[in-house]
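Please read the structure below before turning to the comments.
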Amino acid sequence: MASQPQAGAQASQSRSQLAKALEEILPYVSSALKGVASKVETDKKSSAIVLEVERDKILEAAKTLYTLGFDHVKSLTGVDYPDRGVIELVIHIGSYRRGLRRVMAILRANLDRKNPRAPSLVGIWPSTEFQEREAWEMFGIVFEGHPDLRRLLLPEEFEGLWPGRKDFEIPGRKAGEIEEPWK
Amino acid sequence: MEGGLVFIGDLDITARKVLRWLIERKPLRDIVEWATAFSLWPVHLMTSCCGVELGAAYAPRFDLERYGSLPFVSPRQTNLIVVEGTLTRKMARIARITWEQMADPKFVIAMGACAIDGGLFWNSYNVVRANEVIPVDIYIPGCPPRPEALARAILMLQQRIKRRGIERHDLEIIEGSIRRINGGIARS
Amino acid sequence: MPEPILALLKELLGYNEFLYRTIIGIGYMIIYPGLLLVVVVAALLLWAERKIAALVQLRYGPLWISRRIGGALQGFADLIRFSFQEVIIPRRSDLVPFLLSPGLALLFSLLPLAFIPIAPALRPPIYSDLALLIAIAIISLSPIFIVLMGWASDNKFAFIGSLREALLVVSYEIPLIISLLSMGVIYGSLDFYKIVERQNMLPGMILNPFAFIASFIAILRITSRFPFEISEAETEVVAGPYTEYSGLMFGLSMGLAYIKLYMYSLIVSLVFLGGWLPIQGNGSVAGFLIPSLVVLLKLSIVSLVAVFLRAIYGRYRLDQAIRVGWIYIFTISIASLIWSIALVYGGWVRWS
Amino acid sequence: MSSTVAEEIQRELIQTRDLGVTEEGERLIELQIGPTHPGSGHMRIRVWVDGDIIVRCDPDIGFVFRTIEKLSENRIYMKAIPLVERPSLLDTTPMTIGYINALEKLLGLEPPPRAKYLRTILAEITRIASHLYGIGILAIFLGHSTGFMWGFGDREPFIELANQLSGARITYAYVVPGGVRRDMPQGFPDNAEKALRYLENRLEDWYRIFINNPVIERRLREVGVLRKNDAVRLGITGPNLRGSGIDYDVRVAEPYEAYEELNFMIPVAEEGDAYARTIVRFEEIKQSINIIRDALRKMPSGDIIHPQIARMFNPLMKKIYEETRRVKFPGLFASLKPPKGEATARVEAGRGETLFYIVSDGSPKPYRFRWTTPSYRNAILFKYLIPGHRLADLPAIYGSLDYFPPEADR
C-alpha cells in the first residue's frame, strides 16, 4: 500500500539554493574527472554540469560519473555540425539519489562526421539501449558493443539515409502532389 | 427484369452473383442497408493521437453507441475503419493490410486534418495521406476533431448508406482486378 | 398427461397419432420454444447486455435504432448485418471443419431442446425419463466444435483461444454435471416433469444451495460470461476461436454464446427455480401458454443476471480461472452431492 | 495478377511463420501483437510464447513517429508549440511548459507570478485527465469496460474546465514565452471547486468498483514487479518509478513554475507491482486536487505577460489586453531570435519526466531540438519486465505502465 508520502514542496529548496547545491557538487566532480574531461563547468540556467570529453575517453568518464552517483541517462543524441565536419554526441545523465537529484550532468564528445563511432554505454547505463538505437538510426553513429543495434522508429525504406543530419532536407511537398509511399 | 441472367462458370463467383442479384431486390436491400447503417463497428486500429477523441466519443458524454456503433476486435468482423490522424509509412502499411482483411461492405472515415492532407506534419518525411493508401468515404476536419464531429461523420455515413446503397467489391477482388479506387493505389 | 393440443388436432385432421406428433414436434423445435424463439431471445439478450452495461456506465447504449422501445432492435440489426457481410475463408485454413464447426456447435447447443419440456400440457418431441442426463450430455458436446473452430482456422490467436477453451471446459463441465446430477439424486428421477412436480414445497435452489452456486458459476464459464471470458479475451487472444470468422459464420458463433446461455438458463430454471410451478393448470391455454411464459420469465432472470456481470467484473487470468474451477467449484459440487445423498438417506426427503 | 501489398506480406509471413522450433531449439510460438490487435495500441509487440509463459518480448515502436524534432528544426520557435503538444495529446500542458521553460532560459525571461500559477493549475488539470485516461485504458485491457467508460466520463468535467481556461478541449497552446495567453475567466474558481468535489465523490465509487474489485486485484497484484534498482538502472520515470519505492518527482527535485509555494505530497508505494502503480496514480489524482485548490487560494493578482513583451504591444493589443485580459501576439514572436547557446529544461508530465534540449544558433529556427518523453524512456520496460509472465499478464502490465505510443514515438 502507499507508504506515508514524503513531505513535498515545502521542504524543497528554492532556485537560489539550487545554484548553491551546484557549487558544492562541482569541485567534487571536477576532482574525480581530473585527467579525463578536458573541460568541466556549470550551466546555472539548466542546473547542469557540462563536461567536454575526447572520443576515446567517453567510457572512462561514464564510469567515473556512474561511481559518483549519476545512475541513469535522460537523453542521448547527436548534434550535426556539417561545417565543422563533426557530430557532437550529447548525453544528459541524471541521478535518483537524494543529494544529486537536483543536478544533471551533460557529457559532450565530438565524433568525426564521415564515420562517427562511439563506445556503447549500455554496459554502464542500460537505460541508453533504445536511445543509442535511435541515435544510430538518425545520425549514423555506430555504437560498438551495443547488444542489438537495429532500427527503432523508422521503417526499412530508410536504408543508408540518416534523417537526423542537416543534409537530409525535408521534401517540402507542394499541395496536391501525391507520392507513392511504397515505390 | 433487365434481360435474362444466366449464371455459369466458377461456383464461388456464381454464388456471389446470385447473392448480389438477390440483395439488389427492393425489400431485402432496404433491410440490409438499415442493418448496416445501424451497425457500423469500427475496427480497433488506433493510427495516432486522434484516438484520444475517438475514445472520448465512445465514452459517456458523447456516447456513439447510441447509433449502434461499437468498437470491435478484429478486422474480420467489423465494417468500418476510422483512420485517426496521421498515417506514418509503417502505419500506412498496416492500415492497408487491415483494410484488405476486412469483410466486403466496408467504409473508411478519415478523421482529423492529418488524415486529410498531412495536417500539422505535412512536410514530414514519414507521413502519408489517408487516401493514398485506402479509399476514404468521409473526411472530418479538425485537429483533433471534437467528438461531436465524429458523431456527425457516423450519421453522414448512415445517410450515405441509405441513399447510395452499399457498393460491393467482392467480385472485383476475386476476379483479380481491384478497380482504381479514388486516388488510391491501382493494381491491374 | 392430458394432451389437449393433440386432441385438438385429432378433431381437425382425423385420427393419425404419428402425423400429429411430428407436426407438434416440428412446431416445438422450430417455432415456439425452438429456433425462432431462441433467435429472438439471443438478439434481445445481445441488446440487453449492451443496454445494462451502458446504464451502469452512465451512458445511453443502443437507442437511435428504435427510439420508442429503447433501441431494442439493435440485436436484430447486428445479426442481419453479419448475415449479409462477405464470408472470408482464409486460404490456409482447413476448409471442411472451418465451415461446418459453427453450424455443428449451434446444432448441439439447440438439440437438447427436444428433451426439455417447457409446459406441463405439451410433451417435448422426444419424451424420456432420463431427459436431464441426455440434455446435459448433448450440450457438453458443443465445446468440442468450438475447439475445432480455433484449430481449423489456421491463426495463432485462434489456436491459443481454442486451447484455452479446451482447458476451461474440462475444469468447469465436470462440476456442472456433478451438481445437476446431485439434484437428480434429491428428486429421485431425471425426468423434468417429476423434477418440477417435486419442487412444489421447496424450489431446488433451497433444497441444495451448493449445487445452485456451483452450476451457476460453471454456466458463467461455459457461456464465457464476464469474470470468465478467457477463451475470447479481446486484449490477449483477439476473438479466441472466432478470430478468422466473418459474416454469417461469425453471426452463428456470436449467437452461439447467447443460445447456450438460453439453454442452460432453461435447465437451471427447471431444475432449481421450480419451472412452471405456481401455474399448474391443464388445457391448451392454462396448461401450455401461461406455464411456458413463467418458465421464460425465470429463464430471462437467470440470463440477465449472467449478462449483468459484464458491467462489474474484469477478466480472470487462465491459470486463476482453472485454479478456481478445480479448487472451489469442484469441491462445492462434491459437497452438493454429499448433501443430496445425506438428504435422501437421512430421511428428510421422501417422495410418494 | 500482380500481388497486392497484403500478399507480399503474406508471402514473407509464410516463410517466417514457425509454429515449431526456433534456432535456439525451443518450441515457441511467435505472436505478433500488432497495431490492429486490441491489446497493443499504436505499436507491435513481438512476443515469443512457450505455452502460456512469455519467453521473449521485443517491442516494435515507431508506428506514430512524426519526426517532431526534424519538423521543429524547420519552423520558427513559436510554431513548435502546437508541434510539441500533438504527440502526447493527453497531457499537453507539461510539454508546452517544458518547451517554453527551455526557450525562456535562452531568452532570459521570467514569467510573472500570476502566469506561473495559471500554468501550474492547467498542468494539474491535464495531469488528472491524463491519469484518468491511463486508468481507463488499464481497465479495458483487463476487460473491465465500466472502468474504461468511467475513466473517460470523469475526464470530461476537467476537459470542460481547461476549455473555460484556455478555449480548447485538449490542444490548449496556452503557454507563451513570457507568460500565458489568457487570464482566468470570472466563474473559474467555483467551477473548478464543483469539478474537484465531483471527482472526490467519484473516487469512492472508483475504489469500490475498480480498486477493491476482487478480479482486478487478483489480476494486478504481484504482476510486473519492478524492483527498485531495476527501475533506476533502466531510467524509468513517473508513477512507474514511484510505484517501486523511489520518491523522485521533478516538481520537488527541481521545482519549476509555482510548485515551490504550493504544499503537496509525492505518493510512493514499495511493492512495485501493477497494483502499486495504479494506487500511486489514484493518490496522485488526489494530490493534484489539493494542488489546484491550494493554487486557486494563493493566486496572486497582476499581469499575465512579461513587462518586456507587454511594452511591445501596439495600442490595439494594449486595449484588448486591458479589457479582456487576452494576449495578442506582438510582432516580436514571429521573428523571435534567442541568443546563441543551448538550454535544457525538465518537467514532470503525467507519465513522468520529460526533457527539452534546445541548441540555438541565433537564427529564428532552433538549430537542434531534442525532446525525450516519459513513455520513450519507459519503452525499455517491455523488453525487460514482461518476459517470464503469462500471456494474459501482457495487457495488465502494458496498462499499468500507462504507456502512450504516440508520446514515445514523438
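Within region B:95-122, work out how many residues are away from chain C (no Cβ under 14 Å) and either more than 16 Å from B:C50 (Cβ to Cβ) or free of Cβ contacts under 8 Å to residues at least 12 places away in the same chain (or both). Before you say what the answer is, go through the steps one by one.
Taking region B:95-122 first, the residues away from chain C (no Cβ under 14 Å) are B:95-96, B:108-122.
If we keep only those that are either more than 16 Å from B:C50 (Cβ to Cβ) or free of Cβ contacts under 8 Å to residues at least 12 places away in the same chain (or both) as well, we get B:96, B:122.
Summing the residues that are away from chain C (no Cβ under 14 Å) and either more than 16 Å from B:C50 (Cβ to Cβ) or free of Cβ contacts under 8 Å to residues at least 12 places away in the same chain (or both) in region B:95-122 gives 2.
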Name, by its number, the condition in (1) within 17 Å of the chain's Cα centre (by Cα); (2) closer than 24 Å to B:E167 by Cβ; (3) more than 9 Å from every other protein chain (Cβ to nearest Cβ) that does not hold for B:L54. (2)
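Sort through D:G143, D:G153, D:G167 and tell me the only one that's within 9 Å of chain B (Cβ to nearest Cβ) and without any contact (Cβ under 8 Å) to a residue 60 or more places away in the chain. Full working, then the answer.
On the way: D:G143 fails: within 9 Å of chain B (Cβ to nearest Cβ); D:G167 fails: within 9 Å of chain B (Cβ to nearest Cβ).
Going through D:G143, D:G153, D:G167 in turn, just one is within 9 Å of chain B (Cβ to nearest Cβ) and without any contact (Cβ under 8 Å) to a residue 60 or more places away in the chain: D:G153.
Please count how many residues of region A:139-157 are part of a strand (DSSP E or B) and either within 14 Å of chain D (Cβ to nearest Cβ) or not β-branched (V, I, T) (or both).
Step one: filter region A:139-157 for residues part of a strand (DSSP E or B), giving A:142-144.
Then keep just the ones that are either within 14 Å of chain D (Cβ to nearest Cβ) or not β-branched (V, I, T) (or both); that gives A:143-144.
Going through region A:139-157 one residue at a time, the tally reaches 2.
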If you go through region C:113-139 one residue at a time, how many are surrounded by fewer than 17 Cβ atoms within 10 Å (Cβ to Cβ) and not in a helix (DSSP H, G or I)? 5
Can you tell me which of C:G314, C:G325, C:G287 is buried (at least 22 other Cβ atoms within 10 Å of the Cβ), touching a residue at least 60 places away in the same chain (Cβ under 8 Å) and outside any helix (DSSP H, G or I)? C:G314
Assuming A:L68 fulfils every condition listed in (1) modelled with pLDDT of 90 or more; (2) among the aliphatic types (A, V, I, L, M); (3) touching a Phe, Trp or Tyr at 6+ places or on another chain (Cβ under 8 Å); (4) closer than 28 Å to D:I266 by Cβ apart from one, which condition is it? (1)
Modelled with pLDDT of 85 or more and within 14 Å of the chain's Cα centre (by Cα): does that describe B:I154? yes
Looking only at residues in region A:104-132 that are part of a helix (DSSP H, G or I) and in contact (Cβ under 8 Å) with a residue 12 or more places away in the chain, which one is farthest from the other protein chains (Cβ to nearest Cβ)? A:E132
For region D:142-163, how many residues meet the condition of being crowded, with 24+ Cβ neighbours inside 10 Å and under 19 Å from the mean Cα position of the chain (by Cα)? 5
Say whether the condition of being without any contact (Cβ under 8 Å) to a residue 60 or more places away in the chain, within 23 Å of D:I285 (Cβ to Cβ) and among the aromatic types (F, W, Y) is met by at least one residue in region D:110-133. yes
Output the number of the condition that C:L293 fails; it satisfies all remaining conditions of (1) within 22 Å of C:L111 (Cα to Cα); (2) hydrophobic (A, V, I, L, M, F, W, C); (3) not in a helix (DSSP H, G or I). (3)
Please give the number of the condition A:A37 fails out of (1) away from every other protein chain (no Cβ under 11 Å); (2) surrounded by 17 or more Cβ atoms within 10 Å (Cβ to Cβ); (3) part of a helix (DSSP H, G or I). (3)
Would you call C:I222 surrounded by fewer than 18 Cβ atoms within 10 Å (Cβ to Cβ), out of contact with any strand residue (DSSP E or B) (no Cβ under 9 Å at 6 or more places or on another chain) and either under 20 Å from C:S140 (Cα atoms) or modelled with pLDDT of 90 or more (or both)? no
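How many of the residues making up region D:346-369 are surrounded by fewer than 22 Cβ atoms within 10 Å (Cβ to Cβ) and either within 14 Å of chain C (Cβ to nearest Cβ) or in contact (Cβ under 8 Å) with a residue 24 or more places away in the chain (or both)?
The initial filter retains those residues of region D:346-369 that are surrounded by fewer than 22 Cβ atoms within 10 Å (Cβ to Cβ), namely D:359, D:361-365, D:367.
Narrowing further to those that are either within 14 Å of chain C (Cβ to nearest Cβ) or in contact (Cβ under 8 Å) with a residue 24 or more places away in the chain (or both): D:362-365, D:367.
Total satisfying the criteria: 5.
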Scanning region D:303-324 for residues that are under 22 Å from D:P185 (Cβ atoms), in a loop (DSSP other than H, G, I, E, B) and of a type in the set (A, V, I, L, M, F, W, C) gives D:I304, D:F313
Filter pass, D:N263 being more than 19 Å from the chain's Cα centre (by Cα) and either at pLDDT below 90 or polar (S, T, N, Q) (or both): yes
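Got at least one residue in region D:325-336 being within 14 Å of chain A (Cβ to nearest Cβ) and part of a strand (DSSP E or B)?
Of region D:325-336, the ones within 14 Å of chain A (Cβ to nearest Cβ) are none.
No, because not a single residue in region D:325-336 is within 14 Å of chain A (Cβ to nearest Cβ) and part of a strand (DSSP E or B).
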Yes/no for D:Y248 being in a loop (DSSP other than H, G, I, E, B) and either of a type outside the set (S, T, N, Q) or touching a Phe, Trp or Tyr at 6+ places or on another chain (Cβ under 9 Å) (or both): yes
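The values are calculated or read from the model by the stated rules, or taken from the named source; none is laboratory data. Worth saying up front: this structure is predicted, and the values here are computed from it rather than measured. Every residue, glycine as well, gets a Cβ built from its backbone with ideal geometry; the counts of neighbours run over all protein chains shown.
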